[in-house]
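Participant: Sharing a structure below in structure tokens format, with a few things to ask.
The values are calculated or read from the model by the stated rules, or taken from the named source; none is laboratory data. All values derive from a computational prediction rather than experimental measurement. Using ideal geometry, Cβ is built from the backbone for each residue, glycine included, and neighbour counts are taken over all protein chains shown. The area values use the complete protein model at the heavy-atom level, side chains included, leaving out ligands, DNA and RNA. Shrake-Rupley method; radii C 1.70, N 1.55, O 1.52, S 1.80 Å.
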Amino acid sequence: MKKSSLLLLMGLLISVSGSGDHRSAVGSINRRIRRIAEQGNIARPEEITPHVYAGSIDYNYPEPDQNIGVYLYNRADSMQSGQEGILQIGLQSKSQALDGLPPFNMVLLVDASASMTAQIPRLKDAMALFMGKVRSIDSLSLVGFNDVASVLFPSSFMDAPERKRSFVDAVGAIRAQGGTNIEAGLDTALEQALVNLRHDAVNIVVLVSDGTDLSARRREEGARSGAVHATLSWKNRNDLDLHVVTPGGEHIYYGYKKDSSGGELDVDMNITGESTEPIENIFWLESVPTVGIYRVFVQNFKFHEDKHDPTPFRVELKNGQVHTTFEGQTNGVGNSSNVEVCSFQYAGDGLVQTFQIIGRYKEKNIAVSTVGIGDDFDAELMQALAEESHGASRFLEDGAVMMDIFGSDVEFERLAIPAVRNLTIELEFLSGVEVLGSDGAVVMGNRLSYESPTLNTGDYRTFLSRYRLPVFAEDAPRTVRLAVLTMRVDEETVQEKTLSITLAETVREDPMTLYASAILRFAENLKEIGERYYQDKDKAAALQKTRESAAEIDATKRKLNGAEAFADESFILAKYIGILDEKTETDAPSRPQKSVKSTEVGTTSRRFNK
């Protein structure tokens, strides 16, 4: 291996092992997947977007001399005619001291639902540390939201010590309770951002959330979500049942698990009294539910406890992007135990409505950055909100890591402070090159275009493109220009780079792209494992794919000669093998089914007659 490649590999291994550059400690999606595996669960396929996963890894690109550095890496500097390759584009923004950056007008938007109880004291501590960095030219506001949204600290310039103390106290005084109405929270926070809006400042909303109380239980039981879901939970062995009546009069319950609009009961527990923490779940995927009024009720189908006492329960309802929690209890059994929980109106795709709120403020250069804590927040939603508003998203293992974001210039700048806006990367391959795949790019023949509406200070981006070389004539030049990259900001060209390769029989692989392509392949495998496990219900196939992925990672380790590489990925796959081995060996026969005829709901048809 050439000396330059060896040095690059050493730097890469320092970064991926977590022992080097601090910036690798916050935000990588693989840490979130690792946490899910640690808790004995398989990540759902919708939680993994392979090119986003690969792009979240810190590849330790060199610190640029100018504001933005762009770096090109190819699979190898020598390749064979007709061979497939992968090209990696790395962007790195220069880190700067916070006191030399423009003023910021920030609204801290805090999820104040019941699940955030343990996180509020940690957030207060992080804010107390953050106050040491806040300047008199900066303005702050605090908005909390659960079922409703409230301004807890009006937008004010932090030009006095008592104001800083008051802001920290306001964070500590948040009382976590109720549901999660993210639309109300965003609308209120964005309105607060207008109070001290300045065109020479960074105007930003920072959303902090950890999901909902039931998220962990939903994950453990494989409960799915979408535009609408209703999840019932209780804490004894009795067999409670969740029922939903749709706008069309169809009745979803254990006797009719799927309706014609795509609604489905996917978790039905305690048929035999097998759990003291059971849940039931009915969901509709995005763009599927019928618009109209839905009714939700709960029934005690059967007592499994010796004492026939009332059974308290909770129902979490997701309607678009609004989460609401209801509490009640059943008395008796059968029809007489029915409890009408709620009626609600579904008015359409909640994410579209949320994007419409963001869109009204994006034109004023107000961004939304998101911080998800733990394993149970809606990662897809948090990332979509950030991308739609030109903000950034971060994933934290637990609330204690908030100190790393708000106590570090580098991490806060990566989250909130733009270095450049309206950045475009255009890549033109040699004529005859076939582009095989490049997620996130607009592809036009041998030309690709990537857009990065915002790249924050100290942050990085990675784009990966798979391609195939043409078959060259025997008398073709041995050195060919593979690709030309042009970087533009506001449509003005700021950098150009050319990448050439040598045609040869011996391929000298580049460690950077070897590592990145292995990460991309790993993410694709994780998604496929989740599909086999959750959608196909084929645990044996999921286990086989996991073992194949582990073999691929081990093979790449040997090529890199790096024992420390892929530490998180190897850990995840080892956990997956243990989880799937146990589930495959101990899987009991399918759960017994309740007889529809024996139910006391009063009807065996899809129509509900209470």
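Participant: Just to confirm my filter: which strands (runs of 3 or more DSSP E) fall fully inside the stretch 459-503 and include at least 3 residues that are surrounded by fewer than 17 Cβ atoms within 10 Å (Cβ to Cβ)?
Facilitator: 479-489, 492-503
Participant: Something else about it: Being at positive phi, of a type outside the set (Val, Ile, Thr) and surrounded by 19 or more Cβ atoms within 10 Å (Cβ to Cβ) is true for just one of Phe566, Phe522. Which residue is that? It would help to see each step written out before you state the result.
Facilitator: On the way: Phe522 fails: at positive phi.
Of the residues listed, the single one that is at positive phi, of a type outside the set (Val, Ile, Thr) and surrounded by 19 or more Cβ atoms within 10 Å (Cβ to Cβ) is Phe566.
Participant: Name the residues in the stretch 276-303 that are more than 24 Å from Thr246 (Cα to Cα) and loosely packed, with under 15 Cβ neighbours inside 10 Å, would you?
Facilitator: Hits for the stretch 276-303 are Thr276, Glu277.
Participant: Looking only at residues in the stretch 184-217 that are at pLDDT 90 or above and among the charged types (D, E, K, R), which one is farthest from Thr231 (Cα to Cα)?
Facilitator: Asp200
Participant: A further question follows. Restricting attention to the stretch 227-252, which residues are open to solvent by less than 10 Å² (accessible area, probe 1.4 Å) and under 26 Å from Ile579 (Cα atoms)?
Facilitator: Answer for the stretch 227-252, where residues must be open to solvent by less than 10 Å² (accessible area, probe 1.4 Å) and under 26 Å from Ile579 (Cα atoms): Thr231, Leu232, Trp234.
Participant: Further question on the same structure: Out of the residues in the stretch 51-73 that are among the small types (Gly, Ala, Ser) and over 19 Å from Gly85 (Cβ atoms), state the one that is modelled with the lowest pLDDT.
Facilitator: Ser56
Participant: Could you please give the count of residues in the stretch 412-439 that are within 25 Å of the chain's Cα centre (by Cα) and not aromatic (Phe, Trp, Tyr)?
Facilitator: 16
Participant: Gly255 versus (1) small (Gly, Ala, Ser); (2) surrounded by 19 or more Cβ atoms within 10 Å (Cβ to Cβ); (3) under 11 Å from Ala227 (Cβ atoms): which is the lone unmet condition?
Facilitator: If we test Gly255 against (1) small (Gly, Ala, Ser); (2) surrounded by 19 or more Cβ atoms within 10 Å (Cβ to Cβ); (3) under 11 Å from Ala227 (Cβ atoms), just (3) comes out false.
Participant: Ok, one more. Filter the stretch 256-301 down to the residues that are under 24 Å from Gln345 (Cα atoms) and among the small types (Gly, Ala, Ser), then identify the one that is modelled with the highest pLDDT.
Facilitator: Ranking the candidates gives Gly263 first.
Participant: Shifting gears a bit: So, in the stretch 77-97, exactly how many residues are of a type in the set (Val, Ile, Thr) and out of contact with any Lys or Arg (no Cβ under 6 Å at 6 or more places or on another chain)?
Facilitator: Within the stretch 77-97, the subset of a type in the set (Val, Ile, Thr) is 86, 89.
Those still in the list that are out of contact with any Lys or Arg (no Cβ under 6 Å at 6 or more places or on another chain) too: 89.
Number satisfying all stated conditions: 1.
Participant: Met512 passes all but one of (1) in a helix (DSSP H, G or I); (2) surrounded by fewer than 22 Cβ atoms within 10 Å (Cβ to Cβ); which number fails?
Facilitator: (2)
Participant: If you take the residues in the stretch 53-69 that are touching a residue at least 60 places away in the same chain (Cβ under 8 Å) and surrounded by 18 or more Cβ atoms within 10 Å (Cβ to Cβ), which one is nearest to Val489 (Cα to Cα)?
Facilitator: Going through the qualifying residues, I end up with Ile68.
Participant: Another one. Which residue is farthest from Val52 (Cα to Cα), if the candidates are limited to the stretch 525-539 and must be part of a helix (DSSP H, G or I) and open to solvent by 30 Å² or more (accessible area, probe 1.4 Å)?
Facilitator: Lys539
Participant: List pairs: first residue in the stretch 520-532 and without any contact (Cβ under 8 Å) to a residue 24 or more places away in the chain, second residue of a type in the set (A, V, I, L, M) and in a helix (DSSP H, G or I) anywhere in the structure, Cβ distance under 6 angstrom, at least six positions apart or on different chains.
Facilitator: Every condition considered, the pairs that remain are Arg532/Ala541; Arg532/Ala542.
Participant: Among the numbered conditions (1) closer than 18 Å to Gly226 by Cα; (2) more than 22 Å from the chain's Cα centre (by Cα), tell me where Asn281 comes up short.
Facilitator: If we test Asn281 against (1) closer than 18 Å to Gly226 by Cα; (2) more than 22 Å from the chain's Cα centre (by Cα), just (2) comes out false.
Participant: Search the stretch 181-198 for residues being in contact with a strand residue (DSSP E or B) (Cβ under 8 Å, 6 or more places away or on another chain) and either free of Cβ contacts under 8 Å to residues at least 12 places away in the same chain or among the small types (Gly, Ala, Ser) (or both), and hand back the single one that is surrounded by the most Cβ atoms within 10 Å (Cβ to Cβ).
Facilitator: Of everything passing the filter in the stretch 181-198, Ala189 is surrounded by the most Cβ atoms within 10 Å (Cβ to Cβ).
Participant: Going by the structure shown, is Glu264 open to solvent by 40 Å² or more (accessible area, probe 1.4 Å) and touching a residue at least 12 places away in the same chain (Cβ under 8 Å)? Even if it seems obvious, please write down each step before you answer.
Facilitator: Details: open to solvent by 40 Å² or more (accessible area, probe 1.4 Å): yes; touching a residue at least 12 places away in the same chain (Cβ under 8 Å): yes.
For Glu264, the condition - open to solvent by 40 Å² or more (accessible area, probe 1.4 Å) and touching a residue at least 12 places away in the same chain (Cβ under 8 Å) - is met.
Participant: Is there any pair linking a residue in the stretch 146-160 that is touching a residue at least 60 places away in the same chain (Cβ under 8 Å) to one that is outside any loop (DSSP other than H, G, I, E, B) and surrounded by 16 or more Cβ atoms within 10 Å (Cβ to Cβ), with Cβ under 7 Å and at least six apart or on different chains, and which?
Facilitator: Asp147/Asn181; Asp147/Thr324
Participant: Shifting gears a bit: Please find, within the stretch 70-86, the residue that is least open to solvent (accessible area, probe 1.4 Å) out of those that are among the polar types (S, T, N, Q) and part of a loop (DSSP other than H, G, I, E, B). Break it down stepwise before answering.
Facilitator: Taking the stretch 70-86 first, the residues among the polar types (S, T, N, Q) are 74, 78, 80-81, 83.
Then drop every residue that is not part of a loop (DSSP other than H, G, I, E, B), which leaves 80-81, 83.
Values: Gln80: 71, Ser81: 58, Gln83: 32 Å².
Ranking the qualifying residues of the stretch 70-86, first place goes to Gln83.
Participant: Next up: Taking the condition of being closer than 25 Å to Asp210 by Cβ and among the acidic types (Asp, Glu), how many residues in the stretch 128-166 meet it?
Facilitator: Selection size over the stretch 128-166: 1.
Participant: Would you confirm whether or not the stretch 286-303 contains a residue that is in a loop (DSSP other than H, G, I, E, B), farther than 16 Å from Leu232 by Cβ and over 31 Å from the mean Cα position of the chain (by Cα)?
Facilitator: yes
Residues checked against (1) farther than 30 Å from Pro418 by Cα; (2) free of Cβ contacts under 8 Å to residues at least 60 places away in the same chain; (3) in contact with a Leu (Cβ under 6 Å, 6 or more places away or on another chain):
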residue	(1), (2), (3)
Thr457	no, no, no
Pro470	yes, no, no
Pro477	yes, yes, no
Glu492	no, yes, no
Gln495	no, no, no
Leu499	no, no, yes
Ala542	yes, no, yes
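Participant: Is it the case that some residue within the stretch 435-443 is open to solvent by 20 Å² or more (accessible area, probe 1.4 Å), touching a residue at least 60 places away in the same chain (Cβ under 8 Å), aliphatic (A, V, I, L, M) and in contact with a strand residue (DSSP E or B) (Cβ under 9 Å, 6 or more places away or on another chain)?
Facilitator: Scanning the stretch 435-443 turns up at least one residue that is open to solvent by 20 Å² or more (accessible area, probe 1.4 Å), touching a residue at least 60 places away in the same chain (Cβ under 8 Å), aliphatic (A, V, I, L, M) and in contact with a strand residue (DSSP E or B) (Cβ under 9 Å, 6 or more places away or on another chain).
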